[in-house]
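The structure under discussion appears below in the form of structure tokens.
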Amino acid sequence: MVRVQDRTKESFQRLASAELAGLYSLARRLVRDGAEDLVQEALLHAYRSFETLKADAAAGPWLKSILVNVFRDQLRRKARSVQELPVEQVENFSLYRTLVEQDPLPYSDTLHHDYLQAFSKEDVREVLMRLPEIYRAPLVLRYMDGFATKEIARMLDTPLGTVLARLHRGRKRFESEMWAYAQQTGLLLRETVT
Amino acid sequence: MTDKHGLIPCSDAVRQLWDYLDNAISPEDQAKVDRHLSFCRTCCGELEFAKELRAFLATQAADEIPPDVKARFERFVQDL
């Protein structure tokens with residue numbers, strides 16, 4: 001284990017090396033292109049503020065937090081206003097009900113489970129990339145990386161209420177995009193054939 | 001929104017299910033959702049699917065990195 005009291009370049013290299021897979025995976029869930037650039041910028045920021053790391057056990061979340069800060073700043077630099085989705089546009093969609101009504105896997109006894117299992121990690125990533133970043137990031141950080149909502153609000157510098165609202169809309173949008181993606185790509189037909 | 005018996009409609013129950021699973025709603029709202037679930041089979045199905053989808057999402061976070069990408073990052077850190 002890296003001793004963070006020893007803040008040499010060598011100790012940073014050892015620490016970073018152990019966390020590279022986690023950082024890169026998170027970056028690929030946050031951005032379609034530029035995951036490597038995002039990780040490199042995060043590593044640069046982390047090295048410059050190495051002394052702020054308080055405890056060995058916090059190294060992973062600390063690096064991820066820096067990466068999310070860099071991601072947030074990149075979004076701001078784009079100066080692109082992302083419009084909030086109207087509530088009613090996503091509120092009424094239920095993947096659970098849609099599956100019951102449309103029954104896309106008529107021979108399945110465990111329809112909902114089998115439907116989810118048809119999605120590979122790359123399919124899930126493609127679905128995530130269909131979401132605007134303001135919905136994608138909270139969803140990824142909460143349900144894939146396990147950050148608490150308060151922590152997400154701090155990392156994204158966004159009020160907690162806004163994060164909660166975006167999580168709700170992001171979940172709904174994710175469900176509706178899962179359905180649309182499977183329809184458009186013939187995902188379930190692929191599963192049936194193989 | 002509740003009716004005169006204090007019951008909430010399916011739309012309200014479903015809207016709160018993920019927060020219900022996170023224990024992120026008030027005890028009063030939790031009791032309303034519990035009461036709704038006690039008689040609504042469809043929303044019980046929604047709840048089970050929400051649990052399954054959450055578990056599914058959690059499995060997507062596996063840390064993976066191609067060896068060549070890792071090697072580039074390690075060279076980058078060496079050059080800092």
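Checked against the criterion of being in contact with a helix residue (DSSP H, G or I) (Cβ under 6 Å, 6 or more places away or on another chain), surrounded by fewer than 16 Cβ atoms within 10 Å (Cβ to Cβ) and more than 19 Å from B:GLN60 (Cα to Cα), the candidates A:LEU105, A:LEU160, A:LEU156 yield just one match: A:LEU160. Quickly run through segment A:24-38 and pick out the residues that are among the aliphatic types (A, V, I, L, M) and either touching a residue at least 60 places away in the same chain (Cβ under 8 Å) or within 17 Å of A:GLU122 (Cα to Cα) (or both). Selection gives A:LEU26, A:ALA27, A:LEU30, A:VAL31, A:ALA35. Does B:GLU74 meet the test of being without any contact (Cβ under 8 Å) to a residue 24 or more places away in the chain, over 25 Å from A:GLU175 (Cβ atoms) and facing chain A (nearest Cβ under 7 Å)? Considered against the rule, which asks whether it is without any contact (Cβ under 8 Å) to a residue 24 or more places away in the chain, over 25 Å from A:GLU175 (Cβ atoms) and facing chain A (nearest Cβ under 7 Å), B:GLU74 comes out as yes. The conditions of being away from every other protein chain (no Cβ under 12 Å) and surrounded by 14 or more Cβ atoms within 10 Å (Cβ to Cβ) are not met by B:ARG15.
Would you mind stating whether A:GLY146 is at pLDDT below 95, buried (at least 19 other Cβ atoms within 10 Å of the Cβ) and either in contact with a helix residue (DSSP H, G or I) (Cβ under 7 Å, 6 or more places away or on another chain) or not basic (Lys, Arg) (or both)?
No: the conditions fail for A:GLY146.
Residues that are facing chain A (nearest Cβ under 8 Å) and among the hydroxyl-bearing types (Ser, Thr, Tyr) within segment B:18-64 comprise just one, B:THR42. Counting only helices (runs of 4 or more DSSP H) that sit wholly inside segment A:23-115, those with at least 1 residues that are modelled with pLDDT of 95 or more and β-branched (Val, Ile, Thr) are A:35-48, A:59-78.
Within the group A:ARG169, A:ARG173, which residue is in contact (Cβ under 8 Å) with a residue 60 or more places away in the chain, within 12 Å of chain B (Cβ to nearest Cβ) and more than 18 Å from A:TRP62 (Cα to Cα)? None of the other options fit; the residue is A:ARG169.
The values are calculated or read from the model by the stated rules, or taken from the named source; none is laboratory data. On a predicted model such as this, the values are computed, not experimentally measured, just so you know. All Cβ positions, even for glycine, are placed from backbone atoms using ideal geometry, and neighbour counts span all protein chains on display.
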